[in-house]
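Asks: Just passing along the structure, written as structure tokens.
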Amino acid sequence: MTTPRMPGARIGVIGGGQLGRMLALEARRMGCRICILDPDPQCPAGQVADDQVVAAYADLEAARELARRTDVVTCEFENVDAAAVAAAESLRPVYPGSRVLRIAQHRVREKETLARMGFPVPAFHPVQTPADLETGLRRVGLPAVLKMATGGYDGKGQVLIRTAADAHRAYEALSPKSEMLILEQYVQFSKELSVVCARDVRGSIACYPLVENIHRNGILDVTIAPARVPGEVATAARNLVSAITEQLDVVGVLTVELFLIGDGRLLVNEVAPRPHNSGHYTLDACATSQFEQLLRIVCHLPLGAPELLTPAVMVNLLGDIWEQTGGQPDFKPVLAEAGIKLHLYGKAVAHPARKMGHMCAMAPTVEVVMERALAARKRITGV
Ligand code: AMP
């Protein structure tokens, strides 16, 4: 069961976005072959992969074809069709398996599972009917957030609620789009944090450092590694995330998003059983990237060291910048700087909020790297 699959292992990936692309690039460096399942022949991962099955994610025969062409299968997003994962799983091992995907795909299942396991989550209530909404408002209180249980991402499919009237309007808007909703307490957090944690088939764990995330319009904007928090908070967060990864029996990479609240407590916002945007800094700043770690796991190789080699700040580059600059932004002033890496995802069309690439700045201290990263963005956008 744990025979190593290197070199030349053939790895199937469901999904062809930027996470699949960065995984494919690391795979090529390590001598593995990558096959992508994605409907778009020009998708970011397909451009750099060895092979692609061009089909919808929910096409069961395509999922089986991906499995037949490869030795092992993984996913680069969690909203992958459960039946397609099961189809691939009938032929090849899939990491992470369908069990953890089912939990992460559904916000109610996710929160109920974490709460049952004793992990701290914001107060929540599942909502399917107007009566559930009333009960939820009494239990959770205001302000609150009403979210679609399935299908929402990057802040889409969720509405901030300050009054009972807001709640009813939000219910009318969201309930036709998702068979279940979740009402969550609005957390007055002091920081948003996350940890990427890797676990292999033998149960060994490698936890990346705690990082700090700043969101804009519900989308990750900046990640600061390491997080600017007391050492006890960083230790508590890594212990919490390791315990969640173990309890969920994840084989692969799990990212846990956390809220830090005023009294130093941590609450779990969500889990994603895959490499994550807040772990992109690991490509340039850690001994082993989150993508290499996933490859090592699916190939049954030893985990790599997750150590942060230098403070780093990752800045997302959204399509808005392409719009502001009337086409291709001028990256020359940024590339002339020492200590900044540019990553572009090969997306032909830029539209607002679309993740087109990111920059990773590195420097000996968090203060200097923060200044360097924000100055670099200013040079591109003028903002
Ligand atoms: P999500 O897709 O659930 O991660 O939500 C996207 C962003 O919305 C989060 O990163 C937070 O900034 C914000 N958010 C989500 N849920 C809550 C909550 N219960 N309380 C406060 N802010 C939230």
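The values are calculated or read from the model by the stated rules, or taken from the named source; none is laboratory data. Keep in mind that this is a model prediction, so the values were computed, not measured. All Cβ positions, even for glycine, are placed from backbone atoms using ideal geometry, and neighbour counts span all protein chains on display. Just so you know, the surface numbers come from the protein's heavy atoms only, side chains and all, with ligands and any DNA or RNA stripped out. Shrake-Rupley method; radii C 1.70, N 1.55, O 1.52, S 1.80 Å.
Asks: Applying the selection to region 359-383, what residues are loosely packed, with under 14 Cβ neighbours inside 10 Å and part of a loop (DSSP other than H, G, I, E, B)?
Replies: If the condition is that a residue be loosely packed, with under 14 Cβ neighbours inside 10 Å and part of a loop (DSSP other than H, G, I, E, B), then Pro364, Thr365, Gly382, Val383 are the ones that fit.
Asks: Tell me which residues, restricted to region 208-235, are in a strand (DSSP E or B) and under 17 Å from Glu270 (Cα atoms).
Replies: The answer is Val211, Glu212, Asn213, Ile214, His215, Ile219, Leu220, Thr223.
Asks: Considering only region 150-195, how many residues are more than 9 Å from the ligand (Cβ to nearest atom), of a type in the set (A, V, I, L, M, F, W, C) and under 27 Å from Asp221 (Cα atoms)?
Replies: Number of matching residues: 10.
Asks: Right, here's the next one. If I ask for residues that are open to solvent by 30 Å² or more (accessible area, probe 1.4 Å) and either closer than 22 Å to Cys286 by Cβ or in a helix (DSSP H, G or I) (or both), which ones from region 53-76 would you list? Break it down into steps so the answer makes sense when it comes.
Replies: Initially, region 53-76 is screened for residues open to solvent by 30 Å² or more (accessible area, probe 1.4 Å), giving 54, 56-61, 64-65, 68-69, 71.
Hits for region 53-76 are Leu60, Glu61, Arg64, Glu65, Arg68, Arg69.
Asks: Within region 42-52, can one find any residue that is more than 30 Å from Val140 (Cβ to Cβ), surrounded by 23 or more Cβ atoms within 10 Å (Cβ to Cβ) and within 17 Å of the chain's Cα centre (by Cα)?
Replies: Looking through region 42-52, at least one residue is more than 30 Å from Val140 (Cβ to Cβ), surrounded by 23 or more Cβ atoms within 10 Å (Cβ to Cβ) and within 17 Å of the chain's Cα centre (by Cα).
Asks: Checking Arg138 against (1) more than 16 Å from the ligand (Cβ to nearest atom); (2) closer than 30 Å to His280 by Cβ; (3) of a type in the set (Lys, Arg), which test does it fail?
Replies: Single failed check for Arg138: (2).
Asks: Out of region 99-108, which residues are out of contact with any Ser or Thr (no Cβ under 8 Å at 6 or more places or on another chain) and within 14 Å of the ligand (Cβ to nearest atom)?
Replies: Correct list: Ala104, Val108.
Asks: Looking at region 77-101 only, could you name the residues that are in a helix (DSSP H, G or I) and touching a residue at least 24 places away in the same chain (Cβ under 8 Å)? Walk me through it before giving the result.
Replies: Start the filter on region 77-101 by keeping residues that are in a helix (DSSP H, G or I), which leaves 82-89, 98-101.
Residues satisfying the conditions are Ala83, Ala84, Val85, Ala87, Ala88, Arg99, Val100, Leu101.
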